[in-house]
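For reference, the structure discussed in these notes is given below.
The values are calculated or read from the model by the stated rules, or taken from the named source; none is laboratory data. It should be emphasised that the depicted structure is a prediction, and the values quoted were computed from it without experimental measurement. In this analysis, Cβ positions are derived from the backbone assuming ideal geometry, glycine residues included, and neighbour counts consider all displayed protein chains.
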Ligand code: SF4
Ligand code: SF4
């Protein structure tokens, strides 16, 4: 494993962080397969991962839910006496805050779930312009000062899907930010705060953590033929996962890349890649840019499958509707995706069940007009499976 200094925290973090938002599950998203997930964490830690990132809602049934990820991670660390060996990162559910005392209320719940009396990195979760204005007016900065003074939190930060202007505004508001989590991969250099955000973090010596390194799996699954042909031209042959991670680890403004791993095989593969120094040549950097340009011509929409828009009050399976639509676009094979769309998604969860209530819109991390996209999905697949 290779380690980086996380900005001005002076923490030495494994450059691959364990994201605990896509752990293996059994009957539903809240039902973590603890036996399998424990094996993954054991392997990861034994092989050098020293940062685990979770959040209040991870592995809950819905956005407002009190998820089981923190609880599982707390039990795992406690049972294995690993709490002090691990840099534990979690996030405050900004969207649930209605009054100032709510910050402490949720922090205390999280400390209890995590079975600890301190959190190494505590981030305000998924700050949007609206949520930032709200928590700012609720004196969130006083709360963060108090957390640091009491020792309940060692380092504070935020995760963000905002554009660069807002990222800068939030950063400039508080000199004690030490860590920021933003979305980055070779398709998203100019999306949200992108490269400019990472440059600014570097300038301030604020630690940078990365989410969506594989863009919800899009960069590594169902690789279109045109993309594979480009990869085949590379000076050094790499798998799609290697390209995605090494692109990030070749940047000097990236400290830690979070990967939400779902299987032991993924943990093993990602650690293998994270343990290898792999300098990408100028020619191969240009190839990555060409791959990104080509991918953009295939995009249906920007959904990353984060699931923050779920559950839809009208039962629409937004994530899988958008995913099947995207796969159909990328693969240029509507028939195969239509088969998946009509067999994997229940009758009353398909795109035509959307009533355009727009309740999901504020939750989309990618600012997608979800009902508009679902209308496209409906027009593309129709309401009955008659694609053969
Ligand atoms: S707009 Fe459609 S997908 Fe979004 S919450 Fe309403 S019914 Fe569900
Ligand atoms: S529609 Fe938006 S919030 Fe929902 S899964 Fe896709 S990116 Fe995430």
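Can you tell me which residue in the stretch 309-323 is farthest from residue 224 (Cα to Cα), limited to those that are near ligand 2 (Cβ under 6 Å from one of its atoms) and surrounded by 20 or more Cβ atoms within 10 Å (Cβ to Cβ)?
Step one: of the stretch 309-323, the residues near ligand 2 (Cβ under 6 Å from one of its atoms) are 309, 318-319, 322.
Narrowing further to those that are surrounded by 20 or more Cβ atoms within 10 Å (Cβ to Cβ): 309, 318, 322.
On the way: 309: 27, 318: 23, 322: 18 Å.
Looking at the filtered set, the residue picked out is 309.
Could you count how many residues in the stretch 343-362 are under 26 Å from the mean Cα position of the chain (by Cα) and more than 9 Å from ligand 1 (Cβ to nearest atom)?
Count: 5.
Pick from 283, 270: which is in contact with a strand residue (DSSP E or B) (Cβ under 7 Å, 6 or more places away or on another chain), more than 16 Å from ligand 2 (Cβ to nearest atom) and in a helix (DSSP H, G or I)? Talk me through it step by step, then tell me what you get.
Working: 283 fails: in contact with a strand residue (DSSP E or B) (Cβ under 7 Å, 6 or more places away or on another chain).
Testing whether each residue is in contact with a strand residue (DSSP E or B) (Cβ under 7 Å, 6 or more places away or on another chain), more than 16 Å from ligand 2 (Cβ to nearest atom) and in a helix (DSSP H, G or I) leaves just 270.
Within the stretch 172-199, can you find the residues that are within 19 Å of residue 365 (Cα to Cα) and either out of contact with any helix residue (DSSP H, G or I) (no Cβ under 7 Å at 6 or more places or on another chain) or in a helix (DSSP H, G or I) (or both)?
Scanning the stretch 172-199 gives 181, 183, 190, 191, 192, 194, 195, 196, 197, 198.
So, restricting to helices (runs of 4 or more DSSP H) that lie completely within the stretch 12-124, which ones have at least 2 residues that are closer than 28 Å to residue 2 by Cβ?
Numbers: elements: 34-46, 69-79, 101-113.
The helices (runs of 4 or more DSSP H) meeting that bar are 34-46, 69-79.
Does any residue in the stretch 308-322 that is closer than 18 Å to residue 59 by Cβ come within less than 7 Å, Cβ to Cβ, of a residue that is more than 10 Å from ligand 2 (Cβ to nearest atom) and modelled with pLDDT of 95 or more six or more places away or on a different chain, and which pairs are these?
none
With respect to residue 36, is the statement that it is farther than 30 Å from residue 253 by Cβ, touching a residue at least 60 places away in the same chain (Cβ under 8 Å) and assigned by TED's automatic domain parsing to the domain that holds residue 257 true?
Working: farther than 30 Å from residue 253 by Cβ: yes; touching a residue at least 60 places away in the same chain (Cβ under 8 Å): yes; assigned by TED's automatic domain parsing to the domain that holds residue 257: yes.
Answer is yes for this residue.
Can you tell me which condition residue 344 does not meet? The list is (1) crowded, with 18+ Cβ neighbours inside 10 Å; (2) more than 10 Å from ligand 2 (Cβ to nearest atom), and all the others hold.
Answer for residue 344: the failing condition is (1).
Right, residue 288: crowded, with 18+ Cβ neighbours inside 10 Å and within 26 Å of residue 225 (Cβ to Cβ) or not? Spell out how you get there, then give the answer.
Numbers: crowded, with 18+ Cβ neighbours inside 10 Å: yes; within 26 Å of residue 225 (Cβ to Cβ): yes.
So residue 288 passes the test.
Any residue at all in the stretch 372-384 that's modelled with pLDDT under 90, out of contact with any helix residue (DSSP H, G or I) (no Cβ under 7 Å at 6 or more places or on another chain) and farther than 21 Å from residue 307 by Cβ?
Step one: of the stretch 372-384, the residues modelled with pLDDT under 90 are 382-384.
Those still in the list that are out of contact with any helix residue (DSSP H, G or I) (no Cβ under 7 Å at 6 or more places or on another chain) too: 382, 384.
Within this subset, residues satisfying the condition of being farther than 21 Å from residue 307 by Cβ are 382, 384.
Yes, because at least one residue in the stretch 372-384 is modelled with pLDDT under 90, out of contact with any helix residue (DSSP H, G or I) (no Cβ under 7 Å at 6 or more places or on another chain) and farther than 21 Å from residue 307 by Cβ.
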